[in-house]
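Below: the structure, in structure tokens.
What follows is calculated from the coordinates using simple rules that are stated; it is not laboratory data. The structure presented is a predicted model; accordingly, all values stated were derived computationally and were not measured. As a convention, Cβ positions derive from the backbone with ideal geometry for all residues, glycine included, and neighbour counts pool all protein chains shown.
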Amino acid sequence: MNGPFLAPTLRARRGDQIKVSLQNDLPEATTVHWHGMHLPAAMDGGPHQMISQGHTWRPEWTVDQPAATLWYHPHPHGATADHVYRGVAGMILLDDDESDALALPHEYGVDDIPLIIQDKRFNGDGNLSRDNGGFLDEMIGSNGFGFLGDTILVNGTYGPVFAPDRALNRFRILNASNARFYNLGFTDDRPFHLIATENGLVPGRPVELTRLLIGPGERAEIVVSFTAGEEVTLRSYKQDLGDTQNMLGSDDTFDILRVRAPGALEASVEFTFELGPGNGVPVVPDDATRRDFDLQGHNRINGEKMDMARIDLVIPADGLEVWRVSSSSQPHTFHIHGCTFHVIEIDGAEPSEHLRGPKDTVFIHPDRPVTLAVQFDSHVDPEIPYMYHCHILRHEDNGMMGQFVVVEPGTESSGATTVGAHHH
Ligand code: C2O
Ligand code: CU
Ligand code: CU
């Protein structure tokens, strides 16, 4: 976490052994969570892996998942919104042989560009404002969405301009905002191609889009072409988030990135519109475990607020489950640690094309329940839980979060029901 704002991009390949040494020089305890990574629960960096002030945490794991754009951010229970807002977050790029073989832009900082989008507020003196001009309190009091900023930063920069070197460019987009959704598109409505979602490449053909809605915690990779000498802007447009949408700033428009192409562009890779088999929707057996999650108000799931000492679910390793997630009033983004999921239904209908890829965070429209096929991983630990939660960070902090442990199949009944009190 060197530097005053945001953190370095980390890069790794499938099969790499990762060892991180994280020294907490902040004046308070925090955690660092590897959002989207498949790894043992003890390395996950959730609220049970607090790093106290002055201490060092050394998680280790082996990367064993397909190429993807992940990210990392603090996850201290009750304070995630504040810690992320103040600038601790970074991107993680995973590569593998399959992604190397594809004809995609992949030169980091040249034609493979991270776009970490955040909304902030600044005081007159140029410092980051945490009081949100009174707006924050109002939001907590009324419905608890939390922070909405009036100033967009991309990679920590205000008013960014991108001067491409090449015609074809890949943007790795991360919505690292506390609560704000973005409905992204170019000012001339040019089409772009979605090639990856949170947990990897879209299988088969990329999805052609002119607008892309991306909620807090979600990622998307797109490729887009520019021509020499042109100017165009990537903008966030008005969006449909349901009845309470104005509370989430859904009528706002923002310029995200101005693109100013020079008079000549270098040749690019020849984009073949073929992404390989990727990670497609799994076939869910009829007897798969089904679970329902209702996101209620601004702080509960199925009637309960997050309790650090309570394990809500015990899940068999490598399980493929069907989770149906609904919202009783507000829009949310739902995130599950330690898994990859696919959207198999939205409000009883087939999901739209842009939801074909592997995900770990998904928008839940208040009127449209989302059904997920959730593929859990093989790391077992009957005592240390992973989290599932809303990624609107104020909701998460308020308690819209639950905990699950992953155990050897057949031992579900011996999984802990309380953290730190496992009985055999
Ligand atoms: Cu990005 Cu549990 O978080
Ligand atoms: Cu996560
Ligand atoms: Cu929420």
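For region 260-288 versus region 12-90, the inter-centroid distance based on Cα atoms is 28 Å. With a simple spin-label model that places each label point 7 Å from the Cα along the Cα-to-Cβ direction, the separation between Q23 and V281 comes to 5.0 nm. Note on region 10-95: semi-axes of the ellipsoid equivalent to its C-alpha gyration tensor, largest first and rounded to whole Å, are 22, 14, 11.
Of G78, G159, G124, the residue with the greatest mean-square motion in the GNM of the chain, using alpha carbon springs below 10 Å, is G124.
The modelled label-to-label distance between E231 and S52, using points 7 Å beyond Cα along the C-beta direction, is 5.6 nm. Couplings 3J(HN,Hα) for region 49-60, derived from phi with the Karplus relation 6.51 cos²θ - 1.76 cosθ + 1.60 (θ = phi - 60°), are 10, 4, 10, 6, 3, x, 9, 10, 10, 10, x, 9 Hz, where x marks Gly and Pro.
In the frame of its principal axes, the chain has Cα extents of 69, 51, 45 Å, reported largest first. Working from label points 7 Å from Cα in the Cα-to-Cβ sense, the R258 to N302 distance is 5.1 nm. Beta bridges per DSSP, both residues in region 248-404: antiparallel share near 80 percent. Close amide H contacts of I392 (hydrogens built in the peptide plane, cut-off under 5 Å, sequence separation of 5 or more or a different chain): T333. Note on the chain: GNM, Cα springs under 10 Å; of V362, V223, V161, the largest mean-square fluctuation is that of V161.
Pick out, from V406, H332, F293, the residue whose Cα sits farthest towards the positive end of the charge dipole of region 290-423, with +1 on the Cβ of Lys and Arg and -1 on the Cβ of Asp and Glu. In region 290-423, that residue is H332.
Computed over region 192-342, the convex hull of the alpha-carbon atoms projects to a mean area of 12.5 nm².
Overall, the chain carries a charge dipole of about 700 debye about its Cα centre when +1 sits on the Cβ of Lys and Arg and -1 on the Cβ of Asp and Glu, all other atoms neutral. When the chain is treated as a GNM with alpha-carbon contacts under 10 Å, the residue of D165, D125, D292 showing the greatest mean-square fluctuation is D125. For the chain, the 222 nm mean residue ellipticity estimated from helices alone, with every DSSP H stretch of n ≥ 4 adding -39500 (n - 2.57) and the total spread over all residues, rounds to -1500 deg cm²/dmol. Which FRET efficiency value, to the nearest 0.05, do you get for E274 and A42 by plugging their Cβ-Cβ distance into 1/(1 + (r/R0)^6) with R0 = 35 Å? It comes to 0.35. Across region 112-260 the C-alpha pair distances fall into 5 Å bins from zero in the proportions 2, 9, 18, 22, 19, 14, 9, 6, 2, 1, 0 percent.
Length gained on full extension, R310 to D16, computed as 0.36 nm times the residue gap minus the Cα-Cα distance: 102.5 nm. Neighbour counts of other Cβ atoms within 10 Å put R172, R121, R260, R219 in the fewest-to-most order R260, R121, R172, R219. Partner lysines whose Cα lies under 22 Å from the Cα of K238, excluding those fewer than 8 positions away in the same chain, are identified as K120. Within straight-line reach of K305, meaning a Cα separation under 18 Å, sit the following aspartates and glutamates at least 8 residues removed in sequence or on another chain: D292, D294, E396, D397. The simple Förster model, with R0 at 25 Å and r as the Cβ-Cβ distance, assigns T418 and D64 a FRET efficiency of 0.25. Region 290-423 has equivalent-ellipsoid semi-axes of 24, 18, 11 Å, by the square roots of 5 times the alpha carbon gyration tensor eigenvalues, sorted largest first.
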